[in-house]
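Here is the structure we will look at.
Bear in mind that the values in this text are calculations on the coordinates, not laboratory data. All figures in this text were calculated on a predicted structure; none of them were measured in a lab. Cβ: placed from backbone, ideal geometry, glycine included. Neighbour counts: every protein chain shown.
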Amino acid sequence: MAKVAIDAGHGGSDPGAVFEGRQEKDDNLRLALAVGEILEQNGVDVFYTRTDDVYQTPFQKATAANNADADFLVSLHRNSSPMPNQYTGVETLVYDKSGDKLEMAENINGQLEQLGFRNIGVKERPGLVVLRRSKMPAVLVEAGFINSEEDNRLFDEEFDGIAKGIAQGILDTLNSNGAAQMPNIPGQTVYYRVQTGAYRNLENAIRQRDQLESEGYPVFIIEKDGYYLVQVGAFRNLGNATRMEGILRGNGYQTYITT
Ligand SMILES: [Zn+2]
């Protein structure tokens with residue numbers, strides 16, 4: 001199972017950017033908890049650098065992620081410009097434009113662009129401590145400008161979509177690297193998957209997979225005995241699979257857990 005460290009930028013005596021009483025550290029924490037929850041629902045092992053309003057230096061944040069042995073670090077921030085309402089948009093910062101972190105940064109930006117944010121792009125910031133001192137691929141997401149009324153309106157109105165989009169960008173990266181879905185791991189480790197359908201017709205399986213994918217689930221199709229099986233997962237922990245099953249059933253899917 002992939003492990004992702006989620007960092008709510010700033011905290012405690014460091015509010016980050018502030019605009020008309022709105023403090024970046026609060027937006028960051030709310031978003032971090034929402035993104036983390038979606039990742040956990042999708043079978044990701046989530047480590048939070050903070051879950052409440054405490055001060056940490058960027059070095060402490062990077063060190064915490066290193067000590068947690070996370071596979072990725074995602075640091076969540078809001079941007080700020082010198083003058084109010086000067087700029088709008090999302091950008092994601094990386095140590096350098098290479099590898100999995102570039103892919104994850106582009107995936108996240110793409111998801112947020114679909115919600116109506118201007119996509120400023122991926123930028124290299126090798127001087128940022130949280131990116132430089134973390135041992136794993138790390139991205140720093142600037143989720144719109146906190147001193148832009150337009151971006152704040154989007155941030156508040158589309159908050160759930162933003163959390164889902166960032167989580168989806170992370171999950172897509174994990175999936176393309178084989179870290180999140182491991183249906184055929186040899187050896188003794190058992191993986192649990194939640195099956196939502198078994199179809200003779202591939203098109204029907206693809207339709208359900210696309211539907212699940214659009215809802216943010218890590219889903220894939222397996223061919224077995226002439227059937228196309230649509231499955232969500234995989235989970236190493238049965239409890240996580242059961243939790244996912246509950247969510248899927250709540251959304252109207254008929255499910256059962258398989259290994
Ligand atoms: Zn910040």
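Measure out, as a whole number of angstrom, how far apart the alpha-carbon centroids of the stretch 111-129 and the stretch 1-44 sit.
The stretch 111-129 and the stretch 1-44 have Cα centres spaced 16 Å from each other.
Which of Glu91, Glu103, Glu157 ends up with the largest GNM mean-square fluctuation for the chain, with Cα atoms connected below 10 Å?
Answer for the Gaussian network model of the chain: Glu157.
Once you charge only the Cβ atoms, +1 for Lys and Arg and -1 for Asp and Glu, what is the size of the charge dipole of the stretch 192-258 about its Cα centre, to the nearest 20 debye?
Roughly 200 debye, rounded to the nearest 20.
Compute a Gaussian network model of the chain, connecting alpha carbons closer than 10 Å, and tell me which residue from Tyr217, Tyr55, Tyr227 fluctuates the most.
Evaluated over the chain, the most mobile residue of the options is Tyr227.
What is the packing order of peptides 232-242, 166-176, taking the mean over residues of other C-beta atoms within 10 Å and listing the highest first?
Result, highest mean Cβ count within 10 Å first: 166-176, 232-242.
Grab the Cα-Cα distance for Asp69 and Arg207, subtract it from 0.36 nm times how many residues apart they are, and report the gain in nm with one decimal.
46.0 nm
Taking the C-alpha atoms of the stretch 70-177, how large are the radius of gyration and the largest Cα-Cα span, Dmax, in Å?
13.3, 40
What does the extension gain come out to for Glu113 and Met83, with contour length at 0.36 nm per residue minus their alpha carbon separation?
8.5 nm
Which residue, Phe19, Phe159, Phe220, has the most motion in a Gaussian network model of the chain that connects Cα atoms within less than 10 Å?
In this elastic network of the chain, the residue with the biggest mean-square fluctuation among Phe19, Phe159, Phe220 is Phe19.
For the stretch 1-105, taking Cα atoms only, what is the radius of gyration to one decimal and the Dmax to the nearest whole Å?
14.2, 44
Give the residue from His10, Tyr217, Asn66 lying farthest towards the positive end of the charge dipole for the chain; charges sit on Cβ (+1 for Lys and Arg, -1 for Asp and Glu) and the dipole is referred to the Cα centre.
Working it through, the farthest residue towards the positive pole turns out to be Asn66.
Would you mind computing the Rg to Rh ratio of the stretch 192-258 from its alpha-carbon coordinates, Kirkwood style for Rh?
0.95
Calculate the dipole size of the stretch 98-247 relative to its Cα centre from +1 charges on Lys and Arg beta carbons and -1 charges on Asp and Glu beta carbons; express the result in debye to the nearest 20.
760
Could you give me D for the chain, from Stokes-Einstein at 4 °C and 1.567 mPa s, where the hydrodynamic radius is the Kirkwood radius over C-alpha pairs? Units µm² s⁻¹, please.
68
Give the cross-link partners of Lys25 among the lysines, using a straight C-alpha distance below 21 Å as the criterion and excluding same-chain residues fewer than 8 apart.
Lys61, Lys164
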